[in-house]
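Data first, discussion second: the structure below is written as structure tokens.
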Amino acid sequence: MNLRHDALAGASEWIGVVEQGARSTPGLVATVGRLDVSPGAGNVIAGSAHASLDVRHANDNVRRELFVNLLTVPAKSLRAADSRFNGNRASTRPP
């Protein structure tokens, strides 16, 4: 198990962080609306996971800061697991 680099496990941890961030910030809505995992076979460790992130808050500064923070979290946590995270399909907009 120590040799595994499971992108799906890393993505699920990040989704939990997104959920926590949304719940701990009044007025924030953060949604992981799509998760694409490859290769997608039942008995194969996921080599990559690509997620969409939508962040909404009435205050532009709060929204931007939280958006950047949520995209930075996987870089820190997944680096330790030697996984890769792709955050280029993300959006931020008012509610």
I'd like to know if region 73-93 contains one or more residues that are out of contact with any helix residue (DSSP H, G or I) (no Cβ under 6 Å at 6 or more places or on another chain), within 18 Å of His5 (Cβ to Cβ), at pLDDT below 85 and among the hydrophobic types (A, V, I, L, M, F, W, C). yes
So Gly16 clears everything in (1) exposed (fewer than 13 other Cβ atoms within 10 Å of the Cβ); (2) in a strand (DSSP E or B) except one condition, right? Which one? (2)
Does Gly27 qualify as being modelled with pLDDT of 90 or more and surrounded by fewer than 16 Cβ atoms within 10 Å (Cβ to Cβ)? yes
Taking region 19-36, which residues are out of contact with any Gly (no Cβ under 9 Å at 6 or more places or on another chain), not in a loop (DSSP other than H, G, I, E, B) and not basic (Lys, Arg)? Glu19, Gln20, Gly21, Ala22, Ser24, Val29, Thr31, Val32, Gly33, Leu35, Asp36
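The values are calculated or read from the model by the stated rules, or taken from the named source; none is laboratory data. Everything numeric in this text was worked out from a predicted model, so none of it was measured. Note: ideal-geometry Cβ built from the backbone for every residue, glycine included; neighbour counts use all protein chains shown.
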